[in-house]
Amino acid sequence: MAVIIDESCITCDACLQNCPVNAIVDDSKNPLGYARYYVQPDKCVECVGIHEDPQCAAICPSIGCITWDMPFSAEFETHFANEELYKIVSKKAKKYRTDIPLEQRGVKKEVQEEPEVLEAG
C-alpha cells in the first residue's frame, strides 16, 4: 500500500468506483470503524503498471484526502504492524511507485495537489 484516505473523506464513492484493483472499501466496511473509506494496504498497488497516477487521488474531490504512505514491503513491516492504523490480511509485498522518495511518504503526505489557478490574460 502506499495511499491512505484521511478524515476529510466525504464518502462520495468516487475512489471506490475507480480503484482498478478493488483495494478500497466503503465506510460500512472500514475495519477500523471510521466513517470514511479505507484502502486495504495489502491490496493497493498505487496503480503501478495500470495508470500513471493513483486513480483514487486523481478522482477525489477532497484535495488532500488521499495521502501517501510507506511502501507495503518487508522494509516497512513494523510500520504496517500497527493494529490501530491497519488491518492486514496478507503479508505479501505489493508494487509501489519507486519514483516517490521516502521523505515524501507518510501519513498526511499528499498524493494530489490543488490545481493551479489559471490567470485570465
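Descriptive notes on the structure:
- Lone qualifier among Ala57, Ala74 - being out of contact with any Lys or Arg (no Cβ under 9 Å at 6 or more places or on another chain) and among the small types (Gly, Ala, Ser): Ala57
- Residues of the stretch 10-61 classified as in contact (Cβ under 8 Å) with a residue 24 or more places away in the chain, hydroxyl-bearing (Ser, Thr, Tyr) and surrounded by fewer than 17 Cβ atoms within 10 Å (Cβ to Cβ), total: 2
- Condition check for Glu116: modelled with pLDDT under 85, closer than 18 Å to Glu7 by Cβ and either over 15 Å from the mean Cα position of the chain (by Cα) or not in a loop (DSSP other than H, G, I, E, B) (or both): no
- Against the conditions (1) closer than 20 Å to Gln104 by Cβ; (2) in contact with a Ser or Thr (Cβ under 9 Å, 6 or more places away or on another chain); (3) hydrophobic (A, V, I, L, M, F, W, C); (4) not in a helix (DSSP H, G or I), Met70 satisfies every one except (2).
- Residue satisfying all of: in the stretch 27-62; assigned to a loop (DSSP other than H, G, I, E, B), among the hydrophobic types (A, V, I, L, M, F, W, C) and within 13 Å of the chain's Cα centre (by Cα); farthest from Ala81 (Cα to Cα) among these: Cys60
The values are calculated or read from the model by the stated rules, or taken from the named source; none is laboratory data. Predicted, not measured: the structure shown is a model, and the values here were computed from it. Because the Cβ atoms are built from the backbone with ideal geometry, glycine has one as well, and the counts that use them run over all protein chains shown.
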